[in-house]
Amino acid sequence: MPGKKSPANRRSGCPLNASVEMLGDRWSLLIIRDMMLRGSRSFKEFLACYEGIATNILTDRLRRLEAYGIIAAMPDPSDGRKLIYQLTPKGIDLAPVLTEMVLWAARHEKTENRELVRLMQKDKQEFNAQIRRRWAAQLRSSSCLTSSDN
């Protein structure tokens, strides 16, 4: 299956270790956050994140996330020289994980974006369902764009 690293290449067979190996740096999680919550899809949009990622790190993390099957890259229909990125089913399955991480941090640290936290706290399941619906709509619109070009 694409995106699966063989157990022989991992430090251990522990599922948490596998997760950490794929997502264990802050930039990967922030890229996924921006895709889920902000709808970011292009290199330029990812560069505009609040945290200020360097271009070489962004390039590396996008390639890694794609290699792990968490995101997919495709030519931008408006400019074939550029790529647009989209979460895969494996990637969108991280929505509840990121939601819990946000809620955990808000509970234990001084954080901002209290409106987002309140929205998550009010109804986590509905919040994650909305993320999944936006993702599905984005998939439909992407497949319409790419199939109309052929």
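At a glance:
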read-out	value
Residue match in region 42-56 (condition: at positive phi and of a type outside the set (Lys, Arg))	yes
Search result, residues across region 45-84 that are more than 28 Å from residue 112 (Cβ to Cβ) and of a type in the set (Phe, Trp, Tyr)	68
Residues being free of Cβ contacts under 8 Å to residues at least 24 places away in the same chain and in a helix (DSSP H, G or I) - total across region 101-116	9
Residue satisfying condition, being out of contact with any Pro (no Cβ under 7 Å at 6 or more places or on another chain), of a type in the set (A, V, I, L, M) and without any contact (Cβ under 8 Å) to a residue 12 or more places away in the chain, within set 37, 29, 47	47
Pair list, Cβ under 9 Å, 6 or more apart: region 117-132 residue over 11 Å from residue 96 (Cα atoms), other residue outside any helix (DSSP H, G or I) and of a type in the set (S, T, N, Q)	117/111
Which numbered condition residue 74 fails, given (1) in a helix (DSSP H, G or I); (2) touching a Phe, Trp or Tyr at 6+ places or on another chain (Cβ under 9 Å); (3) in contact (Cβ under 8 Å) with a residue 40 or more places away in the chain	(1)
Residue that is surrounded by the most Cβ atoms within 10 Å (Cβ to Cβ), among those in region 71-130 that are of a type in the set (Ser, Thr, Tyr) and within 17 Å of the chain's Cα centre (by Cα)	85
Residue in region 138-150 that is within 18 Å of the chain's Cα centre (by Cα), outside any strand (DSSP E or B) and within 17 Å of residue 32 (Cβ to Cβ) present	yes
Meets criteria (under 12 Å from the mean Cα position of the chain (by Cα), crowded, with 16+ Cβ neighbours inside 10 Å, at pLDDT 95 or above and part of a helix (DSSP H, G or I)) for residue 62	yes
Odd one out for residue 18 among (1) at pLDDT 95 or above; (2) in a helix (DSSP H, G or I)	(1)
In region 36-59, residue modelled with the highest pLDDT [restricted to those that are charged (D, E, K, R) and within 21 Å of residue 22 (Cα to Cα)]	41
Residue 41 being of a type outside the set (Gly, Ala, Ser), under 22 Å from residue 134 (Cβ atoms) and touching a Phe, Trp or Tyr at 6+ places or on another chain (Cβ under 7 Å)	yes
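The values are calculated or read from the model by the stated rules, or taken from the named source; none is laboratory data. Quick caveat: nothing in here was measured; it's all calculated off a predicted structure. So basically every Cβ, Gly included, is an ideal-geometry build from the backbone, and we count neighbours across all protein chains shown.
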